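To start, the structure itself, in structure tokens.
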Amino acid sequence: MKSKLEVLFAQQKEAQVELNGLYNVVIEQVEKPLLELALRAYNGNQVKTAQMLGINRNTLKKKIDNYKIRVKKLN
């Protein structure tokens with residue numbers, strides 16, 4: 001991850017372009033796949049997924065809704 005960010009900063013400096021909102025872009029790029037993989041690991045169980053991530057289940061639900069993640073439960 002660090003090397004990819006270093007490339008991004010080098011490209012930005014070379015192109016002499018301002019980066020705005022980078023924090024949110026990076027967080028979204030990391031957070032959504034993390035949530036998807038964690039939910040898959042716990043078969044869509046939001047309580048267990050939230051515990052594993054160290055966040056409140058309501059926070060997890062809000063993030064699921066924000067990223068429009070489809071939660072699939074396998075029976």
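The values are calculated or read from the model by the stated rules, or taken from the named source; none is laboratory data. Because the structure is a prediction, the values reported are computed rather than measured. Heads up, the Cβs are rebuilt from the backbone with ideal geometry, glycines too, and the neighbour counts pull from every protein chain shown. Heavy atoms of the whole protein, side chains included, go into the accessibility calculation; ligands, DNA and RNA do not. Shrake-Rupley method; radii C 1.70, N 1.55, O 1.52, S 1.80 Å.
Residue by residue through region 10-34, note down the ones that are hydrophobic (A, V, I, L, M, F, W, C), at pLDDT 90 or above and open to solvent by 70 Å² or more (accessible area, probe 1.4 Å).
Hit for region 10-34 is L34, nothing else.
In region 35-75, what residues are of a type in the set (A, V, I, L, M) and loosely packed, with under 12 Cβ neighbours inside 10 Å?
From region 35-75, those of a type in the set (A, V, I, L, M) are 35, 37-39, 41, 47, 50, 52-53, 55, 60, 64, 69, 71, 74; that's our starting set.
L37, V47, L74 - these are the residues of region 35-75 that are of a type in the set (A, V, I, L, M) and loosely packed, with under 12 Cβ neighbours inside 10 Å.
Filter region 39-73 down to the residues that are in contact with a Lys or Arg (Cβ under 6 Å, 6 or more places away or on another chain) and aliphatic (A, V, I, L, M) and list them by number.
V47, A50
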